[in-house]
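Everything on this sheet refers to the single structure shown next.
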Amino acid sequence: MRPLAWTMAITGLYAGFALIIAMADGQSSSRAATTERVVTDRLTGLALYGIDPVAYFTERAPREGLRDYELPWAGATWRFLNEGNRAAFMRDPAVYEPRFGGYDPIAVGEGNPATGHPSVWSIHEERLYVFHSERNRARFAADPDAAIARADGQWPALLATLVP
């Protein structure tokens, strides 16, 4: 192998290891992979990666929505399990959408809009929160009101940096 190609291969290998280590580190929040006000899968345009937001309340679990029950709202496509869930969301989306647009409330409170993942979630005072990591969900559970207050304090400034 030529010296330049060898150097590039080794550099790429080290960068890959650094990325894997950073992803595995539950203590740090990565920067959001999105800049939208509602976290949206860039490949599909789906909010919550296609999980029905109403199902967290009715089923007490994340459930994948169906293409037959889609709704465009707030710059994203939302999927639902059935017409009843879609209708409930249409009546009052603020009740069912994740707080802070699907960004992790712990990270938001630290001024970092890290994307939440729909499999790491909690409902507090009838509002849905999604988290970047299990560690952040545990931090939230320890004192949800304080975590929400910190996130509420940071959210307006972060929201101003996100695309409407």
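A quarter of the convex hull surface defined by the alpha-carbon atoms of region 46-141 gives 5.6 nm² as the mean projection. Once the Cα-Cα distance is subtracted from the 0.36 nm per residue extended length, the residue 145 to residue 41 segment shows a gain of 34.6 nm. Charging the Cβ of each Asp and Glu at -1 and of each Lys and Arg at +1, and nothing else, the dipole of region 53-164 about its Cα centre rounds to 140 debye. Placing dummy labels 7 Å off each Cα toward the beta-carbon, the span from residue 58 to residue 157 is 4.0 nm.
When the square roots of the Cα gyration tensor eigenvalues are ordered a ≥ b ≥ c, the ratio a/c for region 85-164 is 1.5 or more and a/b does not exceed b/c, which makes its shape oblate. Rolled with a 1.4 Å probe across the full set of protein chains, the surface gives residue 127 an accessible area near 60 Å².
Whole-Hz Karplus values for region 136-143 come out as 5, 5, 5, 4, 5, 4, 5, 7 Hz, taken residue by residue from phi with 6.51 cos²θ - 1.76 cosθ + 1.60 and θ = phi - 60°; glycine and proline positions read x.
Residues whose amide H falls under 5 Å from that of residue 51, counting only those 5 or more places apart or on a different chain, are 65, with hydrogens built in the peptide plane. On a C-alpha basis, how far is the centre of region 40-115 from the centre of region 131-155 in Å? Whole number, if you could? Between the Cα centres of region 40-115 and region 131-155 lies a distance of 19 Å. Across region 67-164, Cα pairs under 8 Å and at least six residues apart give a relative contact order of 24 percent.
Peptides 50-59, 89-98, 114-123, ordered by how many other C-beta atoms sit within 10 Å of their residues on average, highest first, read 50-59, 114-123, 89-98.
The values are calculated or read from the model by the stated rules, or taken from the named source; none is laboratory data. None of these values were measured; they are calculated from a predicted model. Using ideal geometry, Cβ is built from the backbone for each residue, glycine included, and neighbour counts are taken over all protein chains shown. Calculation scope for accessible area: heavy atoms of the full protein, side chains included, ligands and nucleic acids excluded. Shrake-Rupley method; radii C 1.70, N 1.55, O 1.52, S 1.80 Å.
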